[in-house]
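Worksheet for the structure shown next.
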Amino acid sequence: MKKFITTLAKFSLFCAFGYFLLVCVFGMSIPSYYSPNITSHLGGSGHLNSRIKEANNKAHVDILILGSSHAYRGLDTRIIERSGKSAFNLGSSSQTPIQTEILVNRYLSHLEPSLVIFEVYPSAFTLDGAESSLDLIINSRVDLPLAKLVIKQKNIKLINSGVYASMRQFLNLETVFTEENTNSSGTYISGGFVEDSVRTYRYDDYDKQRWDFKPYQFEAFDRILSSIKLSGAECLLVFSPITPSRYNSYTNQVYFDSLMTSKASYFNFNQLIQLDDSLHFSDSHHLNQHGVEIYNRKLLQVMDSLGLSD
């Protein structure tokens, strides 16, 4: 029995080493077209690479912004700083609470904000978070909390990409990469915001639908709010505007609003400002810069009414 266990342990180590070696060899030598389960392309439409590098070099900000693309494309740090306070946007594409929690644990004590604006797009609570985890794996460091999350998500593409990214980061192969400021999604602005070119969107109809929430996303959300509270920072939850036609198609929006209101100060800006599908949006759920200006001015008014601009 002892010999069997020893042999099994040696075989397991051999398999683990062989797996690691194969992933690294495939990642470095095989075109991505032939290795779809290993993603290693740095950068991306959301400019997370640039955002992470900037966040690592910041010492303190007054306002920290969290959330998905509705955060980094909808909350313009240049406008928010008109309140006289510094701001940094730590949003990322398809960011769900389970990824937000990792970023909060990394940067909340580092940036020491007095206010956290958390953009809570309901769809973020319906996703499994694979897209956002992959973005973090590629464009930030693969630390123990991120590795644990990847294993928990049980997605082979995330695991393979995490192994390969860890190797590249260990060998400092990522330090030479510099991301272009402008790509298909817009232009990266210092402070974490991505300014979209002023595209417009045509009106579209939507059938009635429901948000299909995942309980574990709300569990992570509660832990985030606890961390923010323990840090001494104020927390403001906001739902950025989406097109009225899309917004009105959801039948359980009242439930989501009620839940968010019970958690912290919450404002659904779909109910506070009137925007036009064709004039103020670049697609059905992202604002163009005209819409951003209107939304952010209203946000400053809300902050002022709550005494958060003092």
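Read the figures in this text as sums done on the coordinates, not as results from a lab. These numbers were taken from a predicted model, which means no experiment stands behind them. As a convention, Cβ positions derive from the backbone with ideal geometry for all residues, glycine included, and neighbour counts pool all protein chains shown.
So the values come out like this:
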quantity	calculated
Long-range amide H partners of Asn183 with built H, under 5 Å	Tyr188
Rounded to 5, the percent of DSSP beta bridges in the chain classed as antiparallel	30 percent
Relative counts (whole %) of C-alpha pair distances in the chain, using bins that are 10 Å wide	6, 25, 33, 22, 9, 4, 1, 0
Residue order, fewest to most surrounding Cβ atoms within 10 angstrom, among Ile63, Ile294, Ile151	Ile151, Ile294, Ile63
The stretch 180-310 - charge dipole about Cα centre, Lys and Arg +1 at Cβ, Asp and Glu -1, debye rounded to 20	300 debye
Restraint check, Lys53/Lys152; Lys229/Lys263; Lys58/Lys85; Lys152/Lys214, Cα-Cα greater than 19 Å	Lys53/Lys152
Dipole magnitude of the chain, debye to nearest 20 (Cβ charges: Lys/Arg +1, Asp/Glu -1, about Cα centre)	1340 debye
Within the chain, helix-based [θ] at 222 nm, where runs of 4 or more DSSP H residues each add -39,500 (n - 2.57), nearest 500	-14500 deg cm²/dmol
Given charges at Cβ of Lys, Arg, Asp, Glu: the chain dipole, positive-most of Phe193, Met303, Gln169	Gln169
For Phe267, distant residues with modelled amide H under 5 Å away	Leu237, Val238, Phe239
Point-to-point label distance, Arg141-Lys263, nm (Cα→Cβ direction, 7 Å offset)	2.8 nm
